[in-house]
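Here is the structure we will look at, set down as structure tokens.
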Amino acid sequence: MSYTEEIYERVVAQNPGEPEFHQAVKEVLDSLKLVIDANEEKYRAVSLLERLVEPERIISFKVPWVDDNGKVQVNKGYRVQFNSAIGPYKGGLRFHPSVNQGILKFLGFEQIFKNSLTGLPIGGGKGGSNFDPKGKSDREVMAFCQSFMTELSKYIGADQDVPAGDIGVGGREIGFMYGQYKRLKGLYEGVLTGKGLTWGGSLVRTQATGYGLVYILDAMLKDHKIDLAGKTVVVSGSGNVAIYATEKAQQLGAKVVAMSDSNGYIYDANGINLDVVKDIKEVRRGRIKEYADAVPGSVYTEGKGIWSIKCDIALPCATQNELNLDDAKTLKANGCVAVAEGANMPSTREATDFFLAEGMLFLPGKASNAGGVGTSALEMCQNSQRLSWTFEEVDAKLKQMMNDIYAKISDAAKRYGVEGNYVTGANIAGFEKVADAMMAQGIVL
Ligand code: NDP
């Protein structure tokens with residue numbers, strides 16, 4: 001049995017009931033096989049893979065808070081500090097009823113390689129809670145965030161672990177958590193990213209994941225002599241990533257015809273009116289269904305099915321495993337040529353394998369959505385320097401970062417004889433830097 005197979009079996013045996021974590025580890029190990037086989041003796045000597053797949057630390061805690069009816073509610077809170085070989089732990093906090101330790105381990109594991117790809121000094125982490133901010137009053141969200149941070153604050157710091165937002169955690173939640181951290185610690189430091197612009201946030205952070213996704217998509221398309229302008233695009237989700245991916249795709253001349261949320265999707269043959277979506281999602285916190293009421297000629301369909309819409313380019317920007325093999329086949333049959341993941345692991349393993357086997361252009365989330373965490377690291381730089389850069393400065397750095405990531409993953413794929421396979425390219429390029437750092441630092445964590 002190969003070293004990678006051995007480690008995968010070990011992960012499955014030692015982490016029962018965590019299918020998403022198994023899935024993420026398998027995908028990474030499968031594509032690292034070429035590198036691992038070539039360096040097996042060296043890596044085995046220090047149990048490198050055994051250490052890589054085990055989080056350095058998992059903090060798990062209770063989050064009690066009082067709802068508007070005076071009832072005490074209790075949620076679960078977590079922080080997975082996965083790997084600090086190349087920098088302080090960095091990764092988002094997710095508030096969603098589906099959150100559990102296995103999902104956060106999958107996300108934390110992916111984050112190690114993604115953060116490495118940005119070229120910036122940040123390690124991998126992830127955290128969150130099974131708390132659902134949807135339908136809660138601002139006061140309830142504040143009560144929850146303050147209780148969550150009261151415990152989390154013991155384990156994070158500007159040079160130790162710097163969380164950010166993710167699903168269910170936007171500017172409002174970051175604000176409540178930052179305020180509580182400051183109150184508890186008496187420190188005005190860059191301990192969270194995604195902060196408001198008047199209190200330490202970075203311009204472009206809000207747009208960064210979506211913009212970055214489209215920058216790297218454009219780099220890949222250009223490399224393959226395809227023009228993004230004039231292409232029809234389907235974007236799933238209507239949250240932070242989806243909205244700003246749509247905005248940048250439209251700015252670059254593409255036509256986005258569909259978006260969704262967890263209830264259903266809208267189709268607008270004339271191209272999505274993003275001002276309407278922003279008003280529904282960012283201002284009123286409503287449902288995507290309301291778009292059809294506001295925009296004549298658009299159609300709302302309840303349930304899944306967004307991938308049945310004909311498009312040239314698909315951008316899954318909602319959540320993990322939202323695009324399965326049947327969806328992948330439908331996209332191909334409808335003439336889709338490129339898929340770039342805005343969400344983390346939105347394509348199932350079977351769907352990913354199908355895209356690669358069919359020779360479709362496919363960018364995995366750990367490369368294509370890295371602009372978010374990359375810009376978070378730029379926010380950390382500005383906080384340390386006590387400076388604020390202009391929108392143009394940060395946007396230029398983000399664009400350069402995404403072009404560099406494309407060059408790195410494309411080069412790694414070529415070096416290992418799998419040209420155009422950006423899944424393998426991303427995993428190898430991300431892994432090499434972390435592995436070197438772990439080897440150099442000895443047997444620590
Ligand atoms: P948001 O909470 O802003 O939006 C999430 C969107 O996805 C919403 O439209 C939501 O619909 C939909 N969604 C969530 N869960 C499900 C589900 N189970 N089924 C169908 N739709 C669902 O999150 P973000 O936009 O920030 O994150 C989206 C993805 O991008 C996640 O995978 C996240 O990990 C990833 N990501 C985010 C980054 C960031 O900077 N924000 C950085 C890198 C990756 P509804 O409102 O109905 O729940």
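Annotations for the structure displayed:
- Translational diffusion coefficient of the stretch 3-189 (Stokes-Einstein, Kirkwood radius from Cα pairs, 25 °C, 0.890 mPa s): 140 µm²/s.
- Residue of 273, 344, 369 that the Gaussian network model of the chain assigns the largest fluctuation, springs spanning Cα pairs under 10 Å: 273
- Ratio Rg/Rh [Cα only; Rh per Kirkwood] for the chain: 0.95
- Each eigenvalue of the Cα gyration tensor of the stretch 209-259, multiplied by 5 and square-rooted, gives one semi-axis; in descending order these are 18, 12, 8 Å.
- Per-q log10 I(q)/I(0), the stretch 208-363, q = 0.10, 0.12 Å⁻¹ (Debye; single scatterer per alpha-carbon; no solvent): -0.30, -0.44
- Protein accessible area in the chain, 1.4 Å probe - carbon and sulfur %: 50
- Length-normalised contact order of the chain in % [C-alpha pairs under 8 Å, at least 6 apart]: 15
- Additional length obtainable on full extension of the chain from residue 415 to residue 57, 0.36 nm per residue less Cα span: 125.5 nm
- Full extension of the chain segment joining residue 400 with residue 262 gains 46.4 nm, where the gain is 0.36 nm per residue of separation less the Cα-Cα distance.
- Considering only alpha-carbon pairs that sit under 8 angstrom and 6 or more positions apart, the relative contact order computed for the stretch 294-340 is 47 percent.
- When the helices of the chain are scored as -39500 (n - 2.57) per DSSP H run of n ≥ 4 and the total is divided over every residue, the value at 222 nm lands at -15000 deg cm²/dmol.
- Bridging of residue 154 to lysines at a Cα separation below 22 Å is possible for 62, 76, 90, 105, 126, 182, 185, 195, once same-chain residues fewer than 8 apart are set aside.
- Considering only 164, 176, 15, the residue lying farthest towards the positive end of the dipole of the chain is 176, judged by Cα position with unit charges set on Cβ.
- Averaged per residue, the stretch 3-189 has 38 square angstrom of accessible surface, using a 1.4 angstrom probe with ligands and nucleic acids left out.
- Whole-number D in µm²/s for the stretch 1-92 (Stokes-Einstein; Kirkwood sum over Cα pairs; 10 °C, 1.306 mPa s): 101
The values are calculated or read from the model by the stated rules, or taken from the named source; none is laboratory data. As the structure is a computational prediction, the values presented were derived from the model and not from experiment. Glycine also receives a Cβ, built like all others from the backbone with ideal geometry; neighbour counts cover every protein chain displayed. Calculation scope for accessible area: heavy atoms of the full protein, side chains included, ligands and nucleic acids excluded. Shrake-Rupley method; radii C 1.70, N 1.55, O 1.52, S 1.80 Å.
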